[in-house]
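These notes are about the structure you will find just below.
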Amino acid sequence: MPSYTVRHADASDVDAVAALVNRAFAVELFFKTGDRTDAAQIRELLNHGPFLLLTNSETLIAAVHVKLNADRIYIGMLAVDPAQQKSGIGSRLMREAEDFGRRAGCKFADLRVVSVRPELPQIYGKLGYVESGTESAAVIKTATTPVHFITMSKPL
């Protein structure tokens, strides 16, 4: 079994994180055009909370962004290298993100998934998340079909 390390991203990781996210989110090209993110957006997100990175030696395997908001943690942009998906790495990194929130005093974890990916509420449901509402997906400027976000939450 490989030995994984979890650490916080720094400025030197921005390009690698953007590339990983774009590979992981390529599955969404059926409802939008273009890449999921770029280095500028990753740098901006780092101003609002860390990316937790899961690495195997120096190889970036997975990343997730976390943002603290009072007693809640928002967990977003979970990305696992496509060659490593369905191996439990995403669940592992979600546990790391939740633990980060617990250590910061958070009582709840929140996330959102896009409505046209019905497998995602099922995946996060297995991790204890329940649907808590919907939000506009107007931030997805490249959508080619109508979509909205499904919000999901979990007590920590």
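For the peptides 45-55, 6-16, 131-141, the ranking by packing is 45-55, 6-16, 131-141, with the highest mean count of neighbouring Cβ atoms within 10 Å listed first. Viscosity 0.692 mPa s, temperature 37 °C: Stokes-Einstein D of the chain from its Kirkwood Cα radius, in µm² per second? My calculation gives 206 µm²/s for D. Less than 24 Å apart at the alpha-carbon level, and either on another chain or at least 8 residues along: which lysines does that give for LYS67? Straight-distance partners of LYS67: LYS107, LYS126, LYS141, LYS154. Computed from point charges on the beta carbon alone (+1 for Lys and Arg, -1 for Asp and Glu), the dipole magnitude for the chain about its Cα centre is near 380 Debye.
Pick from VAL64, VAL116, VAL21: which residue has the top mean-square fluctuation in a GNM of the chain where Cα pairs under 10 Å get a spring? With Cα springs under 10 Å in the chain, the top fluctuation among VAL64, VAL116, VAL21 is at VAL116. A straight chain from SER87 to ASN69 at 0.36 nm per residue would run longer than the Cα-Cα distance by 3.5 nm.
Explain nothing, just the number: relative contact order of the chain, from Cα pairs under 8 Å at least 6 residues apart, as a whole percent.
Values: 264 pairs, mean separation 32.3, N = 156.
Relative contact order for the chain comes out at 21 percent.
Highest mean first, the peptides 72-80, 36-44 sorted by other C-beta atoms within 10 Å per residue fall in the order 72-80, 36-44.
No lab work stands behind these numbers, since they all come straight from the coordinates. These figures come from a predicted structure and were not determined experimentally. Glycine also receives a Cβ, built like all others from the backbone with ideal geometry; neighbour counts cover every protein chain displayed.
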